[in-house]
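This report concerns only the one structure given below.
The values are calculated or read from the model by the stated rules, or taken from the named source; none is laboratory data. A quick note: this is a predicted structure, and the numbers were derived from the prediction, not measured. In this analysis, Cβ positions are derived from the backbone assuming ideal geometry, glycine residues included, and neighbour counts consider all displayed protein chains. All accessible areas refer to the heavy atoms of the entire protein, side chains included, with ligands and DNA or RNA removed. Shrake-Rupley method; radii C 1.70, N 1.55, O 1.52, S 1.80 Å.
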Amino acid sequence: MEEKKSSKQILNELLAKHYADAKNAKEEGKPVVWSTSIAPQELLETMDVAVVYPENHAAAIGARKDASQFIASAESEGYSYDICSYARVNDGYANILYSEAENMPKPDMLFCCSNICMTVIKWYENIAKKFDIPVIFFDTPYSGSYQVDPSNVKFVEAQLEEAVTMLEGLTGRKFDYDRLKEVMQISNETASWWKKATDLAKNKPSPMNGFDMFNYMAPIVCFRGKESGRELFKIWYEELQERVEKGLGPWNDGTEEKYRVLWDGIACWPYLGVTYKVLKKHGINVVTSMYPESFALLYEQHTLAGMAEAYDSLYVLRNVDYAIDKYLNLSRDFQLDGGIFHSNRSCKGMAFKQFEIQRQMESQLGVPSVIFDGDQTDPSVFSEAQYETRVQALVEMMEARKGARR
Amino acid sequence: MSQAIELIRELSDAGASPKATIAKSMKETGKEAFGCFPIYVPEEIIYAAGYLPVGLWGGHPDIKRVDRYIQSFCCSIMRSNMEMGIRGDYDFLAGLVIPTYCDSMKAILANWWVAVPNAKPIPFSVIQNRASKGSLDFVLAQLATFRKAVGELRGEPVSDQAIEDAFALYEDYRAAMRAFTKAAARVPATITPTLRHLIIKAAYYIDKKVYTEKIKALNEALAAMPEERTEGPKVIVTGLLAEPESFLDLFTENGYAFMGDDLAQESRQFRTEARKEGTALERMAYRVLDQRGDTFYYEDDKSRGTMLKNMVKETGSDAVVVCMYKFCDPEEFDYPVYKKELDEAGIPILYLEIEQKMDSVESLRTRIQSFAEMLSLS
Ligand code: SF4
Ligand code: SF4
């Protein structure tokens, strides 16, 4: 009897297939799209267009400690050291088109949704110019309020309609709205399994080692609209649920989950191992971050309008009260002992709110946290010594807090 | 000639001391001031509501308080503005608008609510995709929201007629500014790079009606002067802004002539003329949709390089000076793209990294000097 594959195995197979599919599409003369991570992939999936995700790709390059050559290539063109390193890596990759990590074929079209940041707007504009290819751009404007502004949603909806027309032009095929409904259904279910799985970390101890969540970020981006993705996250959920039932914590080597923390910001991909080991040494487990919610794109209505609303509702598009409420909820729901904030030099939009969020978590709920300097892919920013000292300080604060409660 | 000198002195002094100029303008007009963050905001609506719109383009405060909110890898305009906000420098403003042109601004807006709790900024959500069928409606919706918020602050709605009048005034101002940049290029020895900047900047602190009359008078006076030449290179300047004055002085000393600019703080504010048809609000919206070659608005053919090449050609310039404002992502992203295009066209580039608060511009002196020498030899 064939042994049941673990979600990890499936994940790796799917990722390999993901890049292979794009390569094959290119070789067969079919279009390949490069897309931002939280874009309306439903449209591409409906049209069965091959898509790859430069952010994930840059992360993979970063994790292999291979970013420097791409960064150097971008900088030789005049890219500043201050620009998001994903963009620099991707620009360098667009020049070189080969990496030891994974490979993306040259794109025929770009797909850019500004709901994660405004940096991607400039980034994709530049790549489009470099390759002289069109961009399908979804401008998701900022609502300076708690709730999303309806005029923003209308605007996004108009752009979704236009995207459909552009995709019909690219592929020479008609858009199938029935298929869209199916894809939306699948996407919603995948996102729900992702959310349910990551929510299991609310259990004490958490069945999930939080750095594992970083590994599952690539598939939630790449396979949200695919049946294979839905299956993967369902299996992951079941595995974690089984661990919960057996009372298993995050680690299999007997290390106990002593502290439960939130990790804020993207991982430090070139130092994934180091950042992880220092935490584990102290029994610190990352139980959550803002990513579970950001990737859990759920829509009530299975229409373009419903999609428009979902894609325009990310917390970064709303006011600071909304963001703070989210962090406070995470603190309560996941019974956090502390927080680790990655002051990511690449990601200004996220970084520049961290100090206030730290203060609010501390003052409203007494949750202590520390912040360390780093960068998601550029290896030149992070300092292991600083990280260790900060984590040590956090342990002391968390201990003091536990002591006070006892 | 003497009238020109008088006006140059008056306007450049006004541009050099924002605080005093704002105080004077408030006193003379009896209006309350309304702060406008960079880059572009619907000033016409603020003006129509009876406020004095004033530009908030940073400054050089000692940084003490902002480090509690924002890391050091943020542009100095936003760090300075935030510092001054917390310090209370803006307490005299009746209102404040913060738009969303980049990730840093969005973060500043978020922090402002907590860091400066008594000043409630009105956010202005900026469009990026201007080619959609929904674009016009979206901009109109943002203008309507903004108009409503300003009206509420003022205690009475902003009328259509007031907006029409304000818009007409602003169009007049913008036309006068376009004429000024042309006139200034004719007499670069009189309107040095430093003075040119200060005169343009003064518009951020003076009532537009008053300022427009003065700049028109200056344009006339300049037109009556004989054409001038300086011994240094003729250049087009591009970037967010060209400051501080000590930095511009280096160009002045080396005889540079600024033949035109593509600076967000200067010509990008007024280079796009409004369409002729439509209501004032529609024409305002179309000005946004029609602006080209501007890094602060997405543009799928990215025409800035072509635009700079054309500017060099039309003005007979020798080179492009890039004033790269440290940590300004949108500007930094554009540079590799237009650099390649200018390189290919054989147009020399002087790339200078600047911050508003530069302890010493001396390190740039040699570069500005030797660039001029290099050009004089070629
Ligand atoms: S890391 Fe931050 S700035 Fe860079 S693409 Fe992602 S969200 Fe945008
Ligand atoms: S980064 Fe540039 S556009 Fe953004 S606030 Fe700073 S100077 Fe302005």
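Miscellaneous remarks
- The stretch B:109-135, subset in contact with a Lys or Arg (Cβ under 9 Å, 6 or more places away or on another chain) and in a helix (DSSP H, G or I), residue nearest to the other protein chains (Cβ to nearest Cβ): B:Ala110
- Boolean, A:Gly339 is assigned to a helix (DSSP H, G or I), small (Gly, Ala, Ser) and either within 21 Å of the chain's Cα centre (by Cα) or within 16 Å of ligand 2 (Cβ to nearest atom) (or both): no
- When B:Arg196, B:Arg154, B:Arg147 are checked against the criterion of being over 26 Å from B:Phe124 (Cβ atoms) and at pLDDT 95 or above, B:Arg196 stands alone in meeting it.
- Taken over the stretch A:128-155, residues that are open to solvent by less than 40 Å² (accessible area, probe 1.4 Å), within 8 Å of chain B (Cβ to nearest Cβ), in contact (Cβ under 8 Å) with a residue 60 or more places away in the chain and not aromatic (Phe, Trp, Tyr) amount to 4.
- A:Phe372 of a type outside the set (A, V, I, L, M), in contact with a Lys or Arg (Cβ under 8 Å, 6 or more places away or on another chain), within 14 Å of chain B (Cβ to nearest Cβ) and open to solvent by 20 Å² or more (accessible area, probe 1.4 Å): no
- Those residues of the stretch A:61-80 which are on the phi < 0 side of the Ramachandran plot and touching a residue at least 40 places away in the same chain (Cβ under 8 Å), in sequence order: A:Ile61, A:Gly62, A:Ala63, A:Ala67, A:Ser68, A:Ile71
- Within the stretch A:113-126, being facing chain B (nearest Cβ under 9 Å), under 16 Å from the mean Cα position of the chain (by Cα) and not in a loop (DSSP other than H, G, I, E, B) holds for one residue alone: A:Thr119.
- Flag for B:Ile98 being touching a Pro at 6+ places or on another chain (Cβ under 9 Å) and either within 16 Å of ligand 1 (Cβ to nearest atom) or touching a residue at least 24 places away in the same chain (Cβ under 8 Å) (or both): yes
- Every residue from the stretch B:193-242 that is under 24 Å from B:Leu308 (Cα atoms), among the polar types (S, T, N, Q), within 18 Å of the chain's Cα centre (by Cα) and away from ligand 2 (no atom under 16 Å from the Cβ): B:Thr194
- Output for the stretch B:256-285, where each listed residue is in a helix (DSSP H, G or I), closer than 15 Å to B:Arg174 by Cβ and open to solvent by less than 20 Å² (accessible area, probe 1.4 Å): B:Ser267, B:Arg268, B:Phe270, B:Ala280, B:Met284
- Selected residue (criterion: nearest to A:Ile371 (Cα to Cα)) from residues of the stretch B:43-71 that are within 14 Å of another protein chain (Cβ to nearest Cβ) and assigned to a loop (DSSP other than H, G, I, E, B): B:Gln71
- Residue match in the stretch B:354-362 (condition: basic (Lys, Arg) and assigned to a loop (DSSP other than H, G, I, E, B)): yes
- Within the stretch A:291-319, tally of residues that are more than 14 Å from every other protein chain (Cβ to nearest Cβ), of a type outside the set (Phe, Trp, Tyr) and either crowded, with 20+ Cβ neighbours inside 10 Å or assigned to a helix (DSSP H, G or I) (or both): 10
- Residues that are away from ligand 2 (no atom under 16 Å from the Cβ), within 30 Å of B:Glu355 (Cβ to Cβ), more than 8 Å from chain A (Cβ to nearest Cβ) and assigned to a helix (DSSP H, G or I) do occur in the stretch B:78-97.
- Contact map, the stretch A:165-189: residues that are on the phi < 0 side of the Ramachandran plot paired with residues that are surrounded by fewer than 13 Cβ atoms within 10 Å (Cβ to Cβ) and among the basic types (Lys, Arg), Cβ distance under 7 Å, separation 6+ or inter-chain. Pairs shown: A:Glu168/A:Lys174.
- Filtered residues of the stretch B:106-124 (kept if within 16 Å of ligand 2 (Cβ to nearest atom) and open to solvent by less than 10 Å² (accessible area, probe 1.4 Å)): B:Ala107, B:Ile108, B:Leu109, B:Ala110, B:Asn111, B:Trp112, B:Pro121
- Here is the figure for the stretch A:156-170: residues that are within 7 Å of chain B (Cβ to nearest Cβ) and among the hydrophobic types (A, V, I, L, M, F, W, C) total 1.
- Every pair of residues 6+ apart whose Cβ atoms lie under 8 Å, when the first sits in the stretch B:40-52 and is at negative phi and surrounded by fewer than 24 Cβ atoms within 10 Å (Cβ to Cβ) while the second is in a helix (DSSP H, G or I) and hydroxyl-bearing (Ser, Thr, Tyr): B:Glu43/B:Tyr170; B:Leu52/B:Ser25; B:Leu52/B:Thr29
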